[in-house]
Amino acid sequence: MKKRPSVIKILSYLYFISPVFIILQLMWAQKIGLHNIGDLRYSFNWHVWMMCLLTPFVGYGIWAVKEWGYYLLMGHSIFLFINNVVIYAVHYTVLPVWVVAVFNLAILGVIITFVRKEVKSPYFNPKVRWWENAARYYYKDMRILVKEFNTDKLLFQAGSFDVSETGVFVATDTDVKPGEKYSFELILLDKSMLFTDGEVVWTNPKEKGQFPKGFGCKFLASNMMFKKRIRYHLRDIKAKVREIRV
């Protein structure tokens, strides 16, 4: 499985531990050391409590990569930016202006990063969360016999475009519909065969981008032998083919 993008992981970790940074910031601003750390309680007003309680939830929203998490992050960032400007303008903070400026620049950096399409898209379209899916590899050397579901009746022959542990893109001019199920005979490069059932999850009615006409299907086989063989086959071709990211 792919890992989450580094920008999501790092930012979510920072938000999770942000209460620690808030406390250290207060200790530095109020000149509180270990010898008088008890005085820290006088620095905790409603604003500090709100930030300490809210930021870990924002971190979880970033990590979860859900639509609500995106809106929570953006709303929190905009609020924090405006709040920092206001509390400095009314002299509600003892922090020097350069600290406030650096902090606000960091918030602007977060906002700019997350309005970029490639970072924003996974929060609204689970299909582009490539790190949650098995790695897919460009592989056009597989011959595929597509049969009627659970029978040996041959419907058509096709080629492959890419393959993973969980599915294959079938390159064909034959029209199919999402949700339809078929039985597949996969003829590998070494002439060995794999048999599995599959379900159409998306179609490409005409050549689009790097994808030829055809359909993407997920394997329905649940037995360990099939999984072991497809995994073994992928290990064999990894050195020869390039990985595909969508």
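Going residue by residue through segment 43-55, is there one that turns out to be more than 32 Å from the chain's Cα centre (by Cα), loosely packed, with under 12 Cβ neighbours inside 10 Å and not hydroxyl-bearing (S, T, Y)?
Checked against the condition, which is being more than 32 Å from the chain's Cα centre (by Cα), loosely packed, with under 12 Cβ neighbours inside 10 Å and not hydroxyl-bearing (S, T, Y), segment 43-55 yields at least one hit.
Looking only at strands (runs of 3 or more DSSP E) that lie completely in segment 160-224, which have at least 3 residues being more than 19 Å from D141 (Cα to Cα) and under 23 Å from the mean Cα position of the chain (by Cα)?
Filter on segment 160-224 gives 193-204.
Checking Q30 against (1) open to solvent by 30 Å² or more (accessible area, probe 1.4 Å); (2) in contact with a helix residue (DSSP H, G or I) (Cβ under 6 Å, 6 or more places away or on another chain); (3) closer than 30 Å to A135 by Cα; (4) not hydroxyl-bearing (S, T, Y), which single condition isn't satisfied?
The single condition Q30 does not satisfy is (3).
Of the residues that sit in segment 133-173 and are free of Cβ contacts under 8 Å to residues at least 60 places away in the same chain and hydroxyl-bearing (S, T, Y), which one is most open to solvent (accessible area, probe 1.4 Å)?
Residues of segment 133-173 that are free of Cβ contacts under 8 Å to residues at least 60 places away in the same chain, as a first pass: 140-161, 166-173.
Now narrow it down to the ones that are hydroxyl-bearing (S, T, Y): 151, 160, 166, 172.
Numbers: T151: 52, S160: 5, T166: 79, T172: 14 Å².
So, considering only residues that are free of Cβ contacts under 8 Å to residues at least 60 places away in the same chain and hydroxyl-bearing (S, T, Y), the one most open to solvent (accessible area, probe 1.4 Å) is T166.
Does D190 satisfy being crowded, with 20+ Cβ neighbours inside 10 Å and either of a type in the set (S, T, N, Q) or out of contact with any Asp or Glu (no Cβ under 6 Å at 6 or more places or on another chain) (or both)?
Against the criterion (crowded, with 20+ Cβ neighbours inside 10 Å and either of a type in the set (S, T, N, Q) or out of contact with any Asp or Glu (no Cβ under 6 Å at 6 or more places or on another chain) (or both)), D190 does not qualify.
Kindly indicate which of L186, L194 is touching a helix residue (DSSP H, G or I) at 6+ places or on another chain (Cβ under 8 Å) and either of a type in the set (V, I, T) or closer than 17 Å to V146 by Cα (or both). Spell out the reasoning first.
On the way: L186 fails: touching a helix residue (DSSP H, G or I) at 6+ places or on another chain (Cβ under 8 Å).
Only one candidate passes the filter, namely L194.
The values are calculated or read from the model by the stated rules, or taken from the named source; none is laboratory data. Just so you know, these numbers come straight off a predicted model, no measurement behind them. Reconstructed Cβ throughout: ideal geometry from the backbone, glycine too, with neighbour counts over all protein chains shown. Accessible surface is based on the protein model in full, side chains and every heavy atom, while ligands, DNA and RNA are left aside. Shrake-Rupley method; radii C 1.70, N 1.55, O 1.52, S 1.80 Å.
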